[in-house]
Amino acid sequence: MKLGKNLRMKKRVLALIMATAMLVTVCGGGQMLCRTVKAQMQKRDVSQNAAPLPTQTPSGGEREDFWCDSTRIKTNGDYKYHILSEEKKLITIRKIENANGKLEIPEEIDGYKVVGIGRSDRLPSRLGIAESEYEYSDFGLEEMSVLPESSSGVTEIIIPKYIQFVGICAFENCNNLKKVKINKRDVNLYLYGEAFLDCNKLESVNLPEKVCTEGDVFSCCGTIDEVTMGISMSTNADDSDCVFSGTNIKVLRFENKKKIYDISRYTNGKIGTIYLGKNVKKLILKESDKKYRNWEIFEIDKLLVEGKNTSIEGWNKKHLFLGKIYTVSGSKAVKRAKKNKLTYKVFDNN
């Protein structure tokens, strides 16, 4: 009995090793998954607020894949769009030709309301589209990127409040893109995997509240001058990816809200200065009891804490890659610095 149990355990371990070896082969051993695998095969969980992954099988047998249905694809001038719901008059934009400079997504095309940019293997449940119950296993032969070579001159993208999702790899490799501006939200905006991957000239990004992200949305973007956050930097707790993994940030600014911000899964990057507004409740750099592994190491030069009651978790004398704390007199940050023998400096809040 015990022998049979040990044999089964060995088989499981061997199967796990083989699966891991295959994954490394497909992905070239890098940190990020192969984009093709990610777009067409891997069905990861989204952040805790994101739309549920559609996995139901449609009744009535097989059907043509939603994104390959040519009857849903229309063109108007420089815009190619996909009809999500004829009944509700909802569309997502698949391609934008000949765009340059500042790009702001239109609210309507041909009487249809634009709610998405690009494509994904799921749709926000709030849209209430019946087809979103089905699993989209194929995106067709067309490239996922919304901007083709004819639109390579786009330098700024404005995402209006009526847009509810940005698809997988929608703006990857936009080599001249400098600014991503997301307008304040009335409803959730879902940024799906690698939406802005390898946009290596980015200078400014803002992520206001009600933005939900998968991992790697802004990964491998070189160095971004300033990032303003109204959301947590990490994705859901079971996901090791981060919105900015592999990207350096000169100034990371957290909006002045009474919230807890978590950057514990930010990896392989350097942050020049983190600024915490005076009403930020807590910043989680790492879980206090978690050991650091080499691939998780990142650097922070300065941490500016404006509020007296802002607490810092995961910054102690063992974390040599974290720099100096600048804060106000009598703050929780000062108490933590003294307790853990950290370098700090008090500044005048005026």
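The values are calculated or read from the model by the stated rules, or taken from the named source; none is laboratory data. Note that the structure is predicted; figures quoted are calculated from it, not measured. Neighbour counts are summed over all protein chains in view; Cβ atoms, including those assigned to glycine, are modelled from backbone coordinates with ideal geometry. For accessibility, only protein heavy atoms count, side chains too; no ligands or nucleic acids. Shrake-Rupley method; radii C 1.70, N 1.55, O 1.52, S 1.80 Å.
The table that follows gives values for the structure above.
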quantity	calculated
The lone exception for A170 - which of (1) more than 18 Å from K80 (Cα to Cα); (2) in contact with a strand residue (DSSP E or B) (Cβ under 9 Å, 6 or more places away or on another chain) it fails	(1)
Looking only at the range 93-102, and only at residues there that are open to solvent by less than 30 Å² (accessible area, probe 1.4 Å) and part of a strand (DSSP E or B), the one that is farthest from V166 (Cα to Cα)	G101
Selection count, the range 156-212, where residues are among the acidic types (D, E) and over 22 Å from T223 (Cβ atoms)	2
Residue list for the range 321-350, restricted to those being farther than 23 Å from I271 by Cα and within 34 Å of the chain's Cα centre (by Cα)	K335
Which numbered condition Y192 misses (of (1) over 20 Å from L252 (Cβ atoms); (2) open to solvent by 10 Å² or more (accessible area, probe 1.4 Å))	(2)
Looking only at the range 103-134, and only at residues there that are at pLDDT 95 or above, assigned to a strand (DSSP E or B) and under 22 Å from the mean Cα position of the chain (by Cα), the one that is surrounded by the most Cβ atoms within 10 Å (Cβ to Cβ)	G116
Test: Y81 is of a type in the set (S, T, Y) and over 19 Å from I157 (Cβ atoms)	no
Qualifying residue in the range 153-175 (condition: within 19 Å of K257 (Cα to Cα) and open to solvent by 50 Å² or more (accessible area, probe 1.4 Å))	no
Evaluation of S329 against (1) at pLDDT 85 or above; (2) over 24 Å from P208 (Cβ atoms); (3) open to solvent by less than 10 Å² (accessible area, probe 1.4 Å) (one fails), failing number	(3)
